[in-house]
Amino acid sequence: MFIFLYKYQVLHIYFRKYLMEKSFWKKVINSFDPEFFKEIVHQPLRQSFKYLLFLLLILTPILSFRYTIDTITIMKDWAKKFSIFCEEELKDVPEITIEKGRLISPKKLFSKEWKEFIFIIDPKGEVGYYLDLIKNHKKSGVIILENKIIISLEEHEVTVRDFEKISYLNLKFDEEEREKLFVLTLNGEVFRITPKGLNYWLDLAPFILFPLSLILIFLALWIVKLIHVFIFSLFSLMINGVGKVGLNYKSLLNIGIFALTPPLIFKTFVKLTNIFIPHFTLVYLILYAIFLISGILKCRPKEPVEFIAERYSQ
């Protein structure tokens, strides 16, 4: 990941020098005017791909920033709800101890139910009985038996696991120390889960999520937009033929790349401001098609003045 970030920075420096000399920002602004496409239609295709690459290098950090904020907000909301749930709903759960693959405590049956989810500890329970219970009542839940655990998260997905690989496990919801949500001891390792600890990791999350999303979003955008341009080039060929524009395939690709600028910037603005637009993908494609068609038709060769005068004189 660090190697990719280094290369990302090198690309920024390289393209800043190259594209600023070619009035990159002027190209971005002029891409909103289909008349401008006549200026880039015959340029080397390599320059158009470099333009797209640098445009994505600029937009990706903005999209990554928005994604990181949204993800952290969801994670903090989840952590808050999890803390409240542990403090209010799990305070009566008994201490659970598993040693050498067998349930040591509690010794008595314990059960708790939340809507469609059940949690049961039954040291003397049978696997078959609880499998039938889950099947007949269509319940999701966790059931701990003497030497097995049954996990049912969906109606048709039931997992049964043995405790044979667990030499020692202790799970305790400590009521005496209120700052702790629970304490988990597993094979000699002690994990104390607290709201403060959760918040500590949530504060570190942006430093992990942002560079990771930067890489993934950039790669996804680069691949998707290249596929986008080549797929829509078939549409460009049709417009080129129907409109009798006479452009070659390379020129159509140039227009297709620059026509991405307005919808890409529009998409970035929508994501950044968190505006909800129904059927946004369709709106995005229509906007792209408008600039693509307009750009191609603007490149249609004009008829000589003498030919026009002769045609109207007949």
Which of the peptides 257-263, 278-284 is most tightly packed, and how do the rest follow, judged by the mean count of other Cβ atoms within 10 Å per residue? 257-263, 278-284
Mind scanning LYS76/LYS271; LYS244/LYS267; LYS244/LYS271 and naming the pairs with a C-alpha gap bigger than 26 Å? LYS244/LYS267; LYS244/LYS271
Evaluate the distance, in nm, between pseudo-label points positioned 7 Å from the Cα of TYR129 and of LEU212 along their respective Cα→Cβ axes. 4.3
R0 of 22 Å, Cβ-Cβ distance ILE151-THR281: FRET efficiency to nearest 0.05: 0.05
What net charge is computed for the residues neighbouring SER233, neighbours being all others with C-beta under 15 Å from the C-beta of SER233, Lys and Arg scored +1, Asp and Glu -1? +2
What residues from the range 42-68 fall in the zone where the backbone N is under 15 Å from a label point 7 Å along the Cα-to-C-beta line of TYR249? 45
Taking GLU88, GLU99 and counting other C-beta atoms within 10 Å, the order from fewest to most: GLU88, GLU99
With a cap of 14 neighbouring Cβ atoms within 10 Å, and only residues DSSP puts in a loop, list the GluC sites (Glu not before Pro) found in the range 105-147. GLU116, GLU126
Starting at the first residue of the range 245-258, write each ³J(HN,Hα) from the Karplus equation 6.51 cos²θ - 1.76 cosθ + 1.60 with θ = phi - 60°, in whole Hz, x for Gly and Pro. 7, x, 7, 7, 5, 4, 5, 5, 5, 4, 5, x, 5, 6
Can you list residues whose amide H is under 5 Å from ILE166's amide H, if they're 5+ apart or on another chain and H is modeled 1.01 Å from N? GLY101
Check which residues have an amide H placed less than 5 Å from THR194's amide H, if you skip close sequence neighbours. LEU181
Which of LYS81/LYS196; LYS100/LYS124; LYS115/LYS148; LYS38/LYS250; LYS112/LYS135 exceed 20 Å between C-alpha atoms? The answer is LYS115/LYS148
Gain on full stretching of the segment that runs from LEU169 to LEU204 - 0.36 nm per residue minus C-alpha separation: 9.8 nm
From the Cα centre of the range 40-57 to that of the range 86-125, the distance in Å is 62
When THR273, THR71 are arranged by how many other beta-carbons sit within 10 Å of their Cβ, fewest first, they go THR273, THR71
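Rule-based calculations on the coordinates, nothing more; no lab input. These numbers come from a predicted model, not from an experiment. Using ideal geometry, Cβ is built from the backbone for each residue, glycine included, and neighbour counts are taken over all protein chains shown.
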